[in-house]
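The values are calculated or read from the model by the stated rules, or taken from the named source; none is laboratory data. Computed from a prediction, not measured in an experiment: that's the story for all the values here. Because the Cβ atoms are built from the backbone with ideal geometry, glycine has one as well, and the counts that use them run over all protein chains shown. Surface accessibility is based on the protein's heavy atoms, side chains included, excluding ligands, DNA and RNA. Shrake-Rupley method; radii C 1.70, N 1.55, O 1.52, S 1.80 Å.
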Amino acid sequence: MDAYIPLISTSSTGPLGVVHLPRLWLKLLLADKGMLEDGYRAGEGGFDGLLLDTLGVAVKDIRAFVAESRPDYLAFENWVKENARPESLTESAIKAFNQKVLSFLKPEPMRSEQLAALALPEDDTTWTGTDLNDLEDWCSFHRAVLAE
């Protein structure tokens, strides 16, 4: 079975307007099918964990939903709306969460290692965690295409 790179950016949103939610959906689907590329998290840690903690959704519950129903994105988002803490889905809460994620700088040494792997200057502070994740996905995808 092939493994896939989650090429949906953390900066992507659906109708709810929550960043990272579409990426989490794809990663959970791929992980449930045993198709998530090695090294990618699916529900725990990183932006996945931050998002689920913010929403007040347990990883075991969202994984069970995905495994049982294999939802399309809109069904997934509707489940999140029904199961998240209401206060986490207010306009101001979503805006604050999105800002936190989109401005997040990866901690060291992870940041320096990722910059080096992408051949980017280590002292460049313009690359957010979301930017680096996107670039890493695209580089991994490029390597996979060239290997085919």
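Looking across region 1-17 at every residue that is of a type in the set (Ser, Thr, Tyr) and in a loop (DSSP other than H, G, I, E, B), the one that is surrounded by the most Cβ atoms within 10 Å (Cβ to Cβ) is identified as Thr10. Among the residues of region 111-126, what is the count of those that are at pLDDT below 90 and either of a type in the set (S, T, N, Q) or under 23 Å from Ser12 (Cα atoms) (or both)? Looking only at that region, the number is 2.
Residues of region 37-54 being farther than 16 Å from Asp134 by Cβ and open to solvent by 20 Å² or more (accessible area, probe 1.4 Å), which ones? Within region 37-54, Asp38, Glu44, Gly45, Leu50, Asp53, Thr54 qualify. For region 81-101, the set of residues classified as of a type outside the set (S, T, N, Q), under 18 Å from Gly46 (Cβ atoms) and open to solvent by less than 70 Å² (accessible area, probe 1.4 Å) consists of Phe97, Val101, listed by residue number. Number of residues in region 1-41 that are small (Gly, Ala, Ser), more than 12 Å from the chain's Cα centre (by Cα) and farther than 14 Å from Glu136 by Cβ: the value is 5. If you go through region 58-79 and pick out every residue that is under 15 Å from the mean Cα position of the chain (by Cα) and surrounded by 18 or more Cβ atoms within 10 Å (Cβ to Cβ), you end up with 3. Of all residue pairs spaced 6 or more apart or on separate chains, those with beta-carbon atoms under 6 Å, a first member in region 122-148 that is open to solvent by 70 Å² or more (accessible area, probe 1.4 Å) and a second member that is part of a helix (DSSP H, G or I) and modelled with pLDDT of 90 or more are Glu122/Ser112; Glu122/Leu115. Among the residues making up region 53-90, those that are in contact (Cβ under 8 Å) with a residue 60 or more places away in the chain and within 15 Å of Val19 (Cβ to Cβ) are Glu77, Val80, Leu89.
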